[in-house]
Amino acid sequence: MNRRDWSWFAVAAALIVVVFAAAPAFPQAPGVDEGTLSAEEQLAEAELAQQGESETDTRNVEEILQQQEALLRGERFSYDPGGRRDPFISLFERTKGEGPRTACKGIGCMTVDEIDLVGIVEDSKSGDVAFFNGSDNRGYFLRVGDGVYDASMISIDARKGIVTFRQQVDDPRLIKPYRDVVKRLVPQEESGNE
């Protein structure tokens, strides 16, 4: 080799040394000062950090799998009602806030289905009054705004012989949370025959 070749070789070797000296040999663990640990210690720290992360991930996966197995075995259950009634509660049982209806008396304890429209009295001064026969065979007078157990009266049409109740309904399939129940003075079947 001649002198010119040795100079190119020396420049290339110097560049290689500069590149390797500038680049870190191992990834640095967070919070560890590079100057205090040797290359072997840095490698050991990096391996321990990777093992810790994989152990945490393994524990999380195992925990999720155990929860899913418990659900499948029936040991646990999960239900998000989202505003709907709880399907695990019987429809025949009363809710806590709802007392027994037998304790109260009068039309306020009767449902819309338990009362029958008997007559409508037109009164221009105080408003129309509807006369109902309750399930206890007693007569009751109601005005617009008065209520029964599960609904309140919203309108009286004396000319057509119709009284309308608004009943609250807890059915998630319906768009409106209520339904209007119409009571007729003359049933529809009979009014068509006249």
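The values are calculated or read from the model by the stated rules, or taken from the named source; none is laboratory data. From a predicted model like this one, the values you see are computed outputs, not experimental measurements. Glycine gets a Cβ as well: all are built from the backbone with ideal geometry, and neighbour counts include every protein chain shown.
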Practice problem: Specify the residue that is modelled with the lowest pLDDT; the eligible residues are those in region 97-128 that are within 34 Å of the chain's Cα centre (by Cα) and small (Gly, Ala, Ser). | Solution: Gly97
Self-check item: Filtered residues of region 52-84 (kept if at pLDDT 70 or above and within 30 Å of Asp150 (Cα to Cα))
Solution: Arg84
Quiz item: What is the one condition in (1) surrounded by 15 or more Cβ atoms within 10 Å (Cβ to Cβ); (2) hydroxyl-bearing (Ser, Thr, Tyr); (3) more than 40 Å from the chain's Cα centre (by Cα) that Ser152 does not satisfy?
Solution: (3)
Quiz prompt | Pairs, first of a type in the set (Ser, Thr, Tyr) in region 162-189, second in a strand (DSSP E or B) and at pLDDT 90 or above, C-beta under 6 Å, six or more apart | solution = Thr164/Ile154; Thr164/Ser155; Thr164/Asp180; Thr164/Val182; Tyr178/Arg166
